[in-house]
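The values are calculated or read from the model by the stated rules, or taken from the named source; none is laboratory data. Predicted model only: the values in this text are computed from it and were never measured. Quick reminder, even Gly has a Cβ in these numbers, built from the backbone with ideal geometry, and neighbours come from all protein chains shown.
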Amino acid sequence: MLRRSDPTNWSERIIVLGKGFANWSNQYGCLIQCVAGIGRRHGWLRLYPTFVNPIFKTMVPINIFDEIRTVFRRELAEPKPRKESRKILPEKIDKVSSLSEEERSRLLVASTEKGSFLHDDSWTGHKTLGMIKPEINRFFVSTDNNPMVSYYCDNRRCHGHTSELLEMVKTDSMGRTYPQQRIPRDSLESALNLMKDVDLRFVMGTHSSHRHRWIIVATHKIEM
C-alpha cells in the first residue's frame, strides 16, 4: 500500500474475474495477457497488457478475485477499442486485497446477467464483457484434445452454444500451443467431470480479432 502523498494517478479498485489467453510480447520480452474485472465505478473493464509472471522483484502475482488498482494510459488499448478496454502500465499494478469465499459468491451472484447480450448487437460497441449462468448440456474433450462445453444461456432465442474452455489449455513459455504439450486426455476428462452438477458462472468476452464471437474468459463455481 502506498502513502497518501504518493503522486501516482491510481485507477478505481477493480476485482479480477478472468484472464485472457497468454501471448508473447516482443515489446516487453515476456508473456502478456488481458485481465477482465469489475471496477467500483465503471463496472466491467478489460485491462491490457498485464504480465503473466512478475518480471520485477517488487511485483506480486495477480490472481482471480484479487482487488487491484492500476494506472490507465491515454493511448487506446486497441486499434478499434471495445467499450470496456483500457490500456494500462503493466508495471503499475497494486494488489489492494483479496475477496473471501463469501464475498466471491456474493459478487458472482450479483453480477450475473441475462444472456441476451450474446444474441443481439451488443458486440458492435455496446457491451463486450459480461457474466451468465449457463445451463450445461455437456462437457467433452474434442477429437484434437481441446476441453469443450456445450451449453444454453437463458435467452429465449438461444439454440445452444459450444465453446472452448481456454483456462484449461496449456501453452509453453512463449505462449505457443502444440499437441504434444496439451494436457493428457484422461486428465482433461477428469477435470471436466468435476464441473458437472455445479452452480457455474461464465465470464464472457468478445474475441479481439473476431468481434462478433463470444468466448468463455473464465469459469467460476458458486460456493454457498
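Here are the numbers for the structure shown:
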| read-out | value |
| --- | --- |
| Residue count, the stretch 10-47 (criterion: hydroxyl-bearing (Ser, Thr, Tyr) and surrounded by fewer than 20 Cβ atoms within 10 Å (Cβ to Cβ)) | 2 |
| Glu91 vs. criteria loosely packed, with under 13 Cβ neighbours inside 10 Å, over 17 Å from the mean Cα position of the chain (by Cα), more than 26 Å from Trp123 (Cα to Cα) and of a type in the set (Asp, Glu) | no |
| Some residue of the stretch 191-200 being closer than 18 Å to Phe21 by Cα, modelled with pLDDT of 95 or more and either in contact with a Lys or Arg (Cβ under 7 Å, 6 or more places away or on another chain) or among the β-branched types (Val, Ile, Thr) (or both) | no |
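Residues checked against (1) more than 18 Å from Phe202 (Cα to Cα); (2) aliphatic (A, V, I, L, M); (3) within 17 Å of the chain's Cα centre (by Cα):
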{"residue": "Gly18", "(1), (2), (3)": "no, no, yes"}
{"residue": "Trp24", "(1), (2), (3)": "yes, no, no"}
{"residue": "Gln33", "(1), (2), (3)": "yes, no, yes"}
{"residue": "Val52", "(1), (2), (3)": "yes, yes, yes"}
{"residue": "Met59", "(1), (2), (3)": "yes, yes, no"}
{"residue": "Val71", "(1), (2), (3)": "yes, yes, no"}
{"residue": "Glu75", "(1), (2), (3)": "yes, no, no"}
